[in-house]
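Novice: After the structure tokens below, expect a handful of questions from me.
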Amino acid sequence: QVQLVESGGGLVQAGGSLRLSCAASGRAFSNIHMAWFRQAPGKEREFVAAIRRSSSMSRYAASMAGRFTISRDNAENTVYLQMNSLKPEDTAVYYCAARDSGWGFFEVKDYKYWGQGTQVTVSS
């Protein structure tokens, strides 16, 4: 089992930045791939970014590439999502997710463990 707890959400103006954190426990953090997803009101949950357990590779959704950066600190059992140049359409609940099998999967159904989510609201 993996337990995930997100933090760092909040209200920010368009063009601003936020850094989300996700603390993991329950399994060796260095053995699990981590990802961020988000879900806006009335929409399906969508992939944002993922990082391989060794930090050797990362992947981004096209609309976030260049604005968002995923990173992890295996010593602190934490994954981060740095979000810059935020837009109102980035408003959503952001979820941390973990996968303990192969790399290269970026759909909701591919992730077994989920956090409770943190709200990000971007005002125009």
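The values are calculated or read from the model by the stated rules, or taken from the named source; none is laboratory data. This structure is a prediction, so every number in the text was calculated from the model and none was measured. With ideal geometry, Cβ positions are generated from the backbone for all residues, glycine too; neighbour counts draw on all protein chains shown. All accessible areas refer to the heavy atoms of the entire protein, side chains included, with ligands and DNA or RNA removed. Shrake-Rupley method; radii C 1.70, N 1.55, O 1.52, S 1.80 Å.
Novice: Can you name the number of the only condition in (1) over 18 Å from A40 (Cα atoms); (2) at pLDDT 95 or above that G102 fails?
Specialist: Only one criterion is unmet by G102, namely (2).
Novice: Sort out for me the strands (runs of 3 or more DSSP E) sitting completely within the stretch 1-112 that have 3 or more residues that are under 29 Å from S123 (Cβ atoms) and in contact with a Gly (Cβ under 7 Å, 6 or more places away or on another chain).
Specialist: 3-7, 18-25, 92-99
Novice: Another question, if that's okay. Which of the residues that make up the stretch 11-28 are within 15 Å of the chain's Cα centre (by Cα) and more than 17 Å from G66 (Cα to Cα)?
Specialist: Of everything in the stretch 11-28, those that are within 15 Å of the chain's Cα centre (by Cα) and more than 17 Å from G66 (Cα to Cα) turn out to be S21, C22, A23, A24.
Novice: Continuing with the same structure: Can you name the condition, by its number, that Y60 falls short on among (1) open to solvent by 50 Å² or more (accessible area, probe 1.4 Å); (2) in contact (Cβ under 8 Å) with a residue 24 or more places away in the chain; (3) aromatic (F, W, Y)?
Specialist: (2)
Novice: Considering the stretch 65-98 alone, what residues qualify as being surrounded by fewer than 18 Cβ atoms within 10 Å (Cβ to Cβ), of a type in the set (G, A, S), within 19 Å of A40 (Cβ to Cβ) and at pLDDT 95 or above?
Specialist: Passing the criteria: only S85.
Novice: All but one of (1) modelled with pLDDT of 95 or more; (2) at negative phi; (3) of a type in the set (G, A, S) hold for G8; state the number of the condition that does not hold.
Specialist: The failed condition is (2).
Novice: Here is a follow-up. How many of the residues making up the stretch 1-16 are surrounded by fewer than 17 Cβ atoms within 10 Å (Cβ to Cβ) and among the β-branched types (V, I, T)?
Specialist: Residues flagged as surrounded by fewer than 17 Cβ atoms within 10 Å (Cβ to Cβ) and among the β-branched types (V, I, T) within the stretch 1-16 amount to 1.
Novice: Further question: Across the stretch 17-45, what is the total count of residues that are surrounded by fewer than 15 Cβ atoms within 10 Å (Cβ to Cβ) and of a type in the set (S, T, N, Q)?
Specialist: Of the residues in that region, 4 qualify.
Novice: Quick check on the stretch 99-124: of everything there that is open to solvent by 60 Å² or more (accessible area, probe 1.4 Å) and touching a strand residue (DSSP E or B) at 6+ places or on another chain (Cβ under 6 Å), which residue is nearest to A24 (Cα to Cα)?
Specialist: Within the stretch 99-124, the match that is nearest to A24 (Cα to Cα) is W114.
Novice: I would also like to ask the following. Tell me, yes or no, whether the stretch 23-34 has at least one residue that is in contact with a helix residue (DSSP H, G or I) (Cβ under 9 Å, 6 or more places away or on another chain) and at pLDDT 95 or above.
Specialist: no
Novice: May I pose another question? Give D73, D100 a once-over and let me know the one that is acidic (D, E), over 12 Å from the mean Cα position of the chain (by Cα) and farther than 22 Å from G9 by Cβ.
Specialist: D100 is the lone residue from the list that is acidic (D, E), over 12 Å from the mean Cα position of the chain (by Cα) and farther than 22 Å from G9 by Cβ.
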